[in-house]
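J.: Once you've had a glance at the structure underneath, I'll fire off some questions.
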Amino acid sequence: MSFNFINIFGLVAAVLLLIPEVIHLSKLYYYMYTARDKLFYASWGLMYLISALLMVLPIGVDEFGFMSVTHFLVYIIGDILLLLIYITGRILMFFQIVDFKSLLWPCAAAGVFLLSGAALGHMLLVAAAVIVLSLIIITAITQNRVEGDSH
């Protein structure tokens, strides 16, 4: 396995996605009251980690590469835009400009994983991204259901 710019770009993207996520989950973990919430967020964090590793290491594929220039452009431009959305959402959330439960940042992160996997033909990364999106949706639905019941 040889490392090229795709591995390096994936590593940078993974670090940009993981650092805020680790900080967020470590702070949030103490505020959760139910075991179900802790399980969802722990699963979410684990899938983020697995997806980030798959962005850096070509596990399940021979070597990272693109089938065409279009795939390359979609990969670079799309990932940069989604990372900007993610970072902007995190900054806005940090300064409490957007609601804590906004799905902007987690969906943008999952979009980075999904777009990277699709552009590279990395089906394990696509599968991990789908699992991350599913966990995001399940968490959002259960949180809304619990909040709806309490009002």
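Read the figures in this text as sums done on the coordinates, not as results from a lab. Computed from a predicted structure; not experimentally measured. FYI the Cβ positions are ideal-geometry reconstructions off the backbone, even for glycines, and counts take in every protein chain you see.
J.: Quick one: if you stick a label point 7 Å off each Cα along the C-beta vector at residue 4 and residue 74, how many nm between them?
T.: Each label point lies 7 Å from its Cα, and together they span 1.8 nm.
J.: Can you pull the one-decimal nm distance between simple spin-label points at residue 138 and residue 96, each 7 Å off the Cα toward Cβ?
T.: Each label point lies 7 Å from its Cα, and together they span 3.2 nm.
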